[in-house]
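Beneath this line is the structure, given in structure tokens, with notes to follow.
The values are calculated or read from the model by the stated rules, or taken from the named source; none is laboratory data. Quantities reported herein were computed from a predicted structural model and do not represent experimental measurements. Here the Cβ positions follow ideal geometry from the backbone for every residue, glycine too, while neighbour counts run over all protein chains shown. What goes into the accessible areas is simple: the full protein's heavy atoms, side chains included, and nothing from ligands, DNA or RNA. Shrake-Rupley method; radii C 1.70, N 1.55, O 1.52, S 1.80 Å.
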Amino acid sequence: MKTYEARPKMTTTDLIVFQDGKETVVHKPIETVKIGKKEFSLRFFNKRYDPENKILHTARIAAFKDPSQLDKVNVGMSMSDVPYFSGGTGLAANSNIGYDKLRLRNDAHHYTYYTNEDRKRLNLLEENGELLKLEFDILALYYNDTDYKMSDPQLKAFYIAFLIDRNLNGIIDKGELKKLTLKFK
């Protein structure tokens with residue numbers, strides 16, 4: 001007889017690491033996930049980005065080689081006090097296709113959103129009322145001025161600070177921040 005560990009039910013504030021058809025749900029604010037040396041994606045729920053009405057629901061994704069960068073962001077902080085989430089630190093993306101690689105930088109983040117199929121930096125997986133299930137593909141890494149295929153990342157691990165300011169107040173509230181360590185198998 002097999003025994004199974006009880007897992008909390010997935011919530012709309014969880015982050016999901018998706019690889020090889022399997023979703024690994026990140027429930028806790030700080031977690032480690034093992035991944036294979038291949039492409040994967042981050043999945044999450046957020047509301048639609050509405051620039052016309054200045055309702056800017058985004059997911060900010062900062063990635064690093066150095067785990068100490070995760071110590072620079074905590075619940076209760078103003079986003080403007082975080083070196084990689086403050087104003088002007090969003091990385092430029094390729095038109096409406098978004099980002100073609102995850103850039104590991106200590107001073108910037110991927111500014112991701114979904115308005116519609118013509119204006120997006122994320123893939124829409126499903127709609128559930130005003131909540132959208134979205135996906136950010138990680139096809140390659142970029143650091144030290146070099147592109148790295150996921151099959152040969154030249155790292156044992158990397159780190160992600162993932163932030164959705166759900167109430168748009170500019171403060172990192174409980175449930176809005178995930179600190180993720182991604183270790184290669």
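Can you tell me the dipole magnitude for segment 91-185 around its Cα centre, using point charges on the Cβ only (Lys, Arg +1; Asp, Glu -1), in Debye to the nearest 20?
The dipole magnitude comes to about 480 debye.
For R119, the solvent-accessible surface computed with a 1.4 Å probe is close to 90 Å², ligands and nucleic acids excluded.
Over segment 10-56, Cα pairs under 8 Å with separation of 6+ residues give a relative contact order of 39 percent.
For the set S151, S41, the ranking by accessible area, highest first and with no ligand, DNA or RNA atoms included, is S151, S41 under a 1.4 Å probe.
With contacts taken as Cα pairs under 8 Å and at least 6 residues apart, segment 41-92 reaches a relative contact order of 20 percent.
Compute the Cα gyration tensor for the chain, then decide on rounded, prolate or oblate, letting a ≥ b ≥ c be the square roots of its eigenvalues: rounded whenever a/c is under 1.5, prolate when a/b is larger than b/c in the other cases, and oblate in all that remain. Since a/c stays below 1.5, the shape of the chain is classed as rounded.
When you restrict to C-alpha pairs under 8 Å that are six or more residues apart and normalise by the size of segment 27-185, the relative contact order lands at 37 percent. Taking M77, M150 and ordering them by how much accessible surface each has at a 1.4 Å probe, largest first, produces M77, M150. Using the charge dipole of the chain (Lys, Arg: +1 at Cβ; Asp, Glu: -1 at Cβ; taken about the Cα centre), state which of M77, I55, Y113 has its Cα farthest towards the positive end. About the Cα centre, the residue reaching furthest to the positive side is M77.
Of the residues D81, D66, ranked by 1.4 Å probe accessible area with the largest first, the sequence reads D81, D66.
The GluC sites (Glu not before Pro) of segment 94-185 that DSSP puts in a loop, and whose beta carbon has at most 10 other beta carbons within 10 Å, are E117, E130. A cut-off under 12 angstrom between Cβ atoms defines the neighbours of I30, and their net charge, with Lys, Arg +1 and Asp, Glu -1, is +1.
Using a probe of 1.4 Å, the accessible surface attributed to V17 totals some 0 Å² when neighbouring protein chains are kept in position. Stretched out straight at 0.36 nm per residue, the stretch from E127 to K174 would grow longer than its current Cα-Cα span by 14.5 nm.
Here each label is just a point 7 Å from Cα along the line to Cβ, and for N74 and N144 those points are 3.2 nm apart. Applying the criteria of a DSSP loop state and at most 16 other Cβ atoms within 10 Å to the GluC sites (Glu not before Pro) of segment 14-69 yields E39.
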